Amino acid sequence: MKVEFSAFPKAFSGNVAVFVAAEKQFLATANAIDSQAGGALTRALGAGRFTGATGQTATILGQSGGADRLLLLGVGKGRELDARAAEGLGGVVAAEANAAGHKAVTVVVDPVKGSRLTPGQIAARIALGAQLRNYRFDRYKTKDKPEHKLSLEQLTVVVAGPADARKVYAQLEPTIDAVFMTRDLVSEPANVLYPVEFARRARELTKLGVKVEVLGEAEMKKLGMHVLLGVGQGSERESQLLVMRWMNGPKDQAPVALIGKGVCFDTGGISLKPAGGMEDMKWDMGGAGAVTGAMKLIAGRKAKANVVAICALVENMPDGNAQRPGDVVKSMSGQTVEVINTDAEGRLILCDAMWYAQEKFKPQAMVELSTLTGAIIISLGHERAGLFSNNTQLSNRLRAAGSQIGEKLWRMPLGPKYDKLIDSEIADMKNVSNGRDGGSITAAQFLQRFVQEGVAWAHIDIAGVAWSGKGDNTTPKGATAYGVRLLDKLIADNYER
Ligand code: BES
Ligand code: MN
Ligand code: ZN
């Protein structure tokens with residue numbers, strides 16, 4: 001979608017959205033139109049439900065001010081209008097436009113009293129939010145039905161001082177393609193997106209200056225990554241380790257390592273999942289998708305930081321050659337693992353990816369994202385991701401970043417009593433505990449056994465947030481790209497000069 005920022009025109013035309021604050025308070029433009037039209041807006045609202053609360057809308061047809069259709073857009077109370085809320089408004093406008101089949105829409109940004117944002121910032125955030133909402137994975141829709149396509153092609157944001165808005169927007173713009181890349185990766189079916197294809201698509205990041213390297217099974221075998229390889233053993237598709245480097249920070253600064261779970265399809269393996277809903281397991285690479293999108297964003301805005309990303313890409317299939325429950329495998333760290341349940345495969349691929357990251361890059365911090373457990377959905381639902389960490393500073397940095405950009409986290413506990421639950425009779429550890437109790441925690445404990453001394457580590461279980469059945473203001477239903485903006489914000493606020 002094309003975005004333009006322009007100064008106030010003499011008259012409006014087409015589809016125009018104007019601000020109304022809480023308690024039906026018309027802001028400047030709505031007010032002017034209302035008085036020109038002899039109070040028609042006031043009358044049209046009448047005793048309806050529209051109050052001007054954040055994100056509410058009311059459409060008024062054939063009103064004056066030149067507009068053919070006027071969209072009254074509730075901006076709520078001024079102090080509520082922060083960056084995220086403004087993005088939400090943009091998203092609402094885009095959704096309304098697409099629902100109505102409009103090609104172009106204009107949003108008029110009046111100054112909002114009480115908001116900490118300048119009109120330029122509000123305008124830029126509205127544009128970003130509209131872009132993020134204006135996404136559809138329609139690659140496989142072959143029939144040309146209008147409801148299968150987005151209609152909105154042009155957004156004009158009217159604001160006093162459009163140059164300011166353009167400047168802010170230019171900084172935000174790399175977010176769009178990064179989020180879209182992740183949503184595409186996560187939405188692709190597993191017959192199209194398998195480990196080699198994922199890695200191939202990630203190579204596009206070289207254009208932005210990211211060094212992309214891909215290790216195949218032979219190389220991983222040499223490195224001793226047998227726990228990772230065991231998971232992909234039953235698949236016709238070759239497992240891959242995708243390594244991306246963006247070293248644009250101070251030479252002497254240790255990088256931050258981002259790790260992603262990339263199970264391109266998770267059947268459960270020999271511990272086969274039930275059929276119902278198994279198709280969801282195409283998005284079991286959501287962690288790797290988010291990490292790849294984050295690298296695209298970090299490089300896209302030329303962050304002055306050192307960041308490396310490692311994605312473990314596999315397919316978990318049952319087969320004559322598949323790993324069996326009870327198998328014992330040796331990790332790159334030297335520790336051995338008894339595989340009790342082949343469906344607890346995420347931790348198996350991550351432990352070798354994490355060890356590789358630490359051996360190779362000596363990171364100061366390591367943040368790993370994975371659709372790791374169904375249990376985290378039981379705990380937190382779809383509103384927050386589960387955060388597990390050995391470091392309170394890193395946890396707080398992540399939580400702060402998440403609350404600002406709208407990707408929320410909730411810190412979960414770790415401890416020696418939980419850790420003990422994965423001791424094995426035959427090997428150093430087993431990949432699941434005896435019961436299902438605290439399933440997300442025991443999964444995290446497993447990962448923690450592969451964290452080296454002195455490394456600040458965080459594991460983020462995104463099983464409940466990587467995909468949305470209902471969407472929100474800036475995210476259509478489907479792949480959310482949760483984590484892309486979170487990781488970028490973490491870097492921007494804490495690891496960048
Ligand atoms: N990929 C799944 C977790 C998952 C479930 C993600 C639902 C998204 C939605 C993971 O590999 C898995 O199968 N976990 C098992 C672990 C169990 C065998 C200990 C689970 O959560 O049931
Ligand atoms: Mn599984
Ligand atoms: Zn899985």
Kindly check whether there is at least one residue in region 132-150 that is of a type in the set (Val, Ile, Thr) and either in contact with a strand residue (DSSP E or B) (Cβ under 7 Å, 6 or more places away or on another chain) or part of a helix (DSSP H, G or I) (or both). no
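Looking for something surrounded by 15 or more Cβ atoms within 10 Å (Cβ to Cβ) and over 28 Å from LYS149 (Cβ atoms) - is there at least one such residue anywhere in region 89-101?
no
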Working carefully through the options ALA344, ALA353, find the one that is within 23 Å of MET412 (Cα to Cα), touching a helix residue (DSSP H, G or I) at 6+ places or on another chain (Cβ under 8 Å) and assigned to a helix (DSSP H, G or I). ALA353
For the subset of region 278-309 comprising residues that are in contact with a helix residue (DSSP H, G or I) (Cβ under 7 Å, 6 or more places away or on another chain) and not in a helix (DSSP H, G or I), which member is farthest from PHE180 (Cα to Cα)? ALA305
Hits in region 242-267 (condition: open to solvent by less than 40 Å² (accessible area, probe 1.4 Å), within 16 Å of LEU490 (Cβ to Cβ) and away from ligand 2 (no atom under 16 Å from the Cβ)): TRP246, GLY249, ALA254, PRO255, VAL256, ALA257, LEU258, ILE259
Before we move on, is VAL337 under 27 Å from PRO174 (Cβ atoms) and open to solvent by less than 10 Å² (accessible area, probe 1.4 Å)? no
Right, ASP423: open to solvent by 20 Å² or more (accessible area, probe 1.4 Å) and part of a loop (DSSP other than H, G, I, E, B) or not? yes
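Do the conditions hold for THR57, that is, is it touching a Phe, Trp or Tyr at 6+ places or on another chain (Cβ under 9 Å) and among the polar types (S, T, N, Q)?
yes
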Would you mind telling me which numbered condition in (1) closer than 21 Å to GLY88 by Cα; (2) crowded, with 21+ Cβ neighbours inside 10 Å ALA67 fails? (1)
Just to be sure I understand the filter: pairs with C-beta atoms under 6 Å, separated by 6 or more residues or on different chains, first member in region 246-264 and on the phi < 0 side of the Ramachandran plot, second member among the charged types (D, E, K, R). Which pairs pass? ASN248/LYS304; GLY249/LYS304; ALA254/LYS362; ILE259/GLU368; VAL263/ASP284; CYS264/GLU315
For region 221-241, which residues satisfy the criterion of being hydrophobic (A, V, I, L, M, F, W, C), away from ligand 2 (no atom under 16 Å from the Cβ) and either more than 16 Å from LYS360 (Cα to Cα) or open to solvent by less than 40 Å² (accessible area, probe 1.4 Å) (or both)? MET225, LEU229, LEU241
Mind listing whichever residues of region 27-39 are touching a Ser or Thr at 6+ places or on another chain (Cβ under 8 Å) and closer than 15 Å to LEU71 by Cβ? ILE33, ASP34
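Among the residues of region 134-147, are any open to solvent by less than 80 Å² (accessible area, probe 1.4 Å) and within 30 Å of PRO9 (Cα to Cα)?
For region 134-147, residues open to solvent by less than 80 Å² (accessible area, probe 1.4 Å) and within 30 Å of PRO9 (Cα to Cα): present.
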Go through region 366-385 and report how many residues are away from ligand 2 (no atom under 16 Å from the Cβ) and either outside the structural domain of GLY483 (by TED's automatic domain parsing) or surrounded by fewer than 24 Cβ atoms within 10 Å (Cβ to Cβ) (or both). 6
Please give the number of the condition ASN390 fails out of (1) surrounded by fewer than 20 Cβ atoms within 10 Å (Cβ to Cβ); (2) within 13 Å of LEU447 (Cα to Cα); (3) within 13 Å of ligand 1 (Cβ to nearest atom). (3)
The residue from MET285, MET317, MET295 that alone is in the same structural domain as LEU447 (by TED's automatic domain parsing), touching a residue at least 60 places away in the same chain (Cβ under 8 Å), open to solvent by 40 Å² or more (accessible area, probe 1.4 Å) and hydrophobic (A, V, I, L, M, F, W, C) is MET317
Which of the residues spanning region 168-201 are in a loop (DSSP other than H, G, I, E, B) and either open to solvent by less than 20 Å² (accessible area, probe 1.4 Å) or touching a Phe, Trp or Tyr at 6+ places or on another chain (Cβ under 7 Å) (or both)? GLU188, ALA190, LEU193
Can you pull out every residue in region 253-271 that is within 14 Å of ligand 1 (Cβ to nearest atom), closer than 22 Å to ALA444 by Cα and not polar (S, T, N, Q)? GLY260, LYS261, GLY262, VAL263, CYS264, PHE265, ASP266, GLY268, GLY269
So ALA479, is it aliphatic (A, V, I, L, M), closer than 29 Å to GLY293 by Cβ, open to solvent by less than 10 Å² (accessible area, probe 1.4 Å) and within 25 Å of the chain's Cα centre (by Cα): yes
From VAL112, VAL75, residue being in a loop (DSSP other than H, G, I, E, B) and touching a Phe, Trp or Tyr at 6+ places or on another chain (Cβ under 8 Å): VAL112
Of the residues LEU398, LEU372, which single one is closer than 16 Å to ALA444 by Cβ and either among the acidic types (Asp, Glu) or in a loop (DSSP other than H, G, I, E, B) (or both)? LEU372
I need the full set of residues from region 408-420 which are open to solvent by 20 Å² or more (accessible area, probe 1.4 Å) and within 16 Å of ALA481 (Cα to Cα), in order please. LYS408
Step by step: first the residues of region 322-332, then only those that are in a loop (DSSP other than H, G, I, E, B), farther than 12 Å from VAL231 by Cβ and more than 30 Å from the chain's Cα centre (by Cα), then the one that is farthest from ligand 3 (Cβ to nearest atom). Which residue is that? GLY326
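The values are calculated or read from the model by the stated rules, or taken from the named source; none is laboratory data. All of these numbers come straight from a predicted model, not from anything done at the bench. Positions of Cβ are backbone-derived with ideal geometry, glycine not excepted, and every protein chain shown enters the neighbour counts. Keep in mind that these areas ignore ligands, DNA and RNA; they rest on the heavy atoms of the full protein, side chains included. Shrake-Rupley method; radii C 1.70, N 1.55, O 1.52, S 1.80 Å.
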